[in-house]
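No lab work stands behind these numbers, since they all come straight from the coordinates. Being a predicted model, the structure only gives us computed values, none of them experimental. In this analysis, Cβ positions are derived from the backbone assuming ideal geometry, glycine residues included, and neighbour counts consider all displayed protein chains.
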Amino acid sequence: MPLEKDKPSSGSDESSLRRRSGPFGAISAFIDKTFVITELEARKIRHDPSDLITRAAQPALWLLVFGQVFAGIRAIPTGSVPYLDFLSPGILAQSVLFISIFYGIAIIWERDLGIVHKFLATPTPRAALVLGKGLSASLKALSQAVIIYVLAGLLGVKINFNPLALAGVLLVVILGAVLFSTLSLVIACLVKTRERFMGIGQLLTMPLFFASSAIYPISIMPRWMQAISHCNPLTYEVDGLRSLMIAGGSSMYGFGLDIGILLAAVAVLLGIGALVYPRVAQ
């Protein structure tokens, strides 16, 4: 009587299942690992939410002081759109930028504490590590969006509460946060010291902000500055937000182009970030 074949072990079952799952299984595993990193970073926010409160001061000052003063003197031409309505999406984009551009300093702290070495020792794809950290930056950015929506509503800004528009704002904020936090991570991996990183971060922040359409239209800029603005990803983030956030808002480039450029920039920076991330541990 022939012997019954041994049943395969659970380990071989799992490996066989992974082989059968093919690219869809790899994508699912990548997404799972990305969200694990995001969840780890989100715990830091839960344990210390004071950072979210202190960061609310800056957009409040811009809207309450700068916005109302310039709205009163009508120094910046914005057509039929009131200046506060024009400014509010720009301040939201500014808040996303300011939160994200210094996010990379956490990588340097993690290297000093030995956390980066532990991440690199795992089989987690480097791109998942970078994307997970970028998505965690978007959690802080979304909290700023809530604060700015509340402030803008109190100041009489005509907010567009259409569900599709809100979903579009959510997408733009997430993409903007991932983009600039990934740029920050790349810089941190290259410079490796807190002092150099802070200097470069401060050097980038103001040009990115002022060479965008956040606080004034591109049409009133000098020609050389207009050329820079068209190459500035923050301009497309502001344009996407302005077309969705305020009632009657319009896009200069088209929402599809805004999203396409942000997605392309995120993809390029994720690829660079995955390549340079191990360098921070050296």
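Projecting each Cα onto the charge dipole of the chain (Lys/Arg +1, Asp/Glu -1 at the beta carbon, about the Cα centre), which of 84, 114, 31 comes out farthest on the positive side?
114
Of all the Cα-Cα pairs you can form in the stretch 89-129, what percent are over 11 Å apart?
70
Over 18 Å between C-alpha atoms is what I'm after, so list which of 33/192; 44/192; 33/133 land there.
From 33/192; 44/192; 33/133, over 18 Å: 33/192; 44/192.
Taking the Cα centre as origin and putting +1 on Lys and Arg beta-carbons and -1 on Asp and Glu beta-carbons, what dipole magnitude results for the chain, to the nearest 20 debye?
340
Evaluate the distance, in nm, between pseudo-label points positioned 7 Å from the Cα of residue 80 and of residue 251 along their respective Cα→Cβ axes.
Placing both labels 7 Å beyond Cα along the Cβ direction yields 2.0 nm.
How large are Rg and Dmax for the chain when only the alpha carbon atoms are used, in Å?
22.1, 99
Report the label-to-label distance for residue 44 and residue 29 in nanometres (one decimal), using points 7 Å from each Cα along the Cα→Cβ vector.
2.7
Between residue 121 and residue 210, what FRET efficiency comes out of the Förster formula 1/(1 + (r/R0)^6) with R0 = 51 Å and r the beta carbon distance, rounded to 0.05?
Result of the calculation: an efficiency of 0.75.
Note down the relative contact order for the chain as a percent, whole number, built from C-alpha pairs under 8 angstrom at least six residues apart.
25
Quickly rank 65-71, 104-110 as a protection proxy: mean count of other C-beta atoms within 10 Å, highest first.
104-110, 65-71
Ranking 253, 216, 236 by Cβ neighbours within 10 Å, fewest first, what do you get?
Fewest-to-most ranking of 253, 216, 236: 253, 216, 236.
Taking springs between alpha-carbon atoms closer than 10 angstrom, which of 223, 55, 194 fluctuates most in the Gaussian network model of the chain?
Of 223, 55, 194, the most mobile in the Gaussian network model is 223.
Short version: ³J(HN,Hα) in whole Hz for each residue of the stretch 93-107, in order, from phi by Karplus 6.51 cos²θ - 1.76 cosθ + 1.60 (θ = phi - 60°), x for Gly and Pro, what are they?
Result, ordered by residue: 4, 4, 4, 4, 4, 5, 5, 7, 5, 9, 5, x, 4, 4, 5 Hz.
Report, by chain and number, residues whose modeled amide H sits under 5 Å from the one on residue 159, excluding near sequence neighbours (fewer than 5 apart, same chain).
So residue 159 has HN proximity to 247.
Evaluate the distance, in nm, between pseudo-label points positioned 7 Å from the Cα of residue 150 and of residue 64 along their respective Cα→Cβ axes.
Placing both labels 7 Å along Cα→Cβ, they lie 1.3 nm apart.
Cα gyration tensor of the stretch 100-230, axes a ≥ b ≥ c as square roots of the eigenvalues: rounded (a/c below 1.5), prolate (a/b > b/c) or oblate?
oblate
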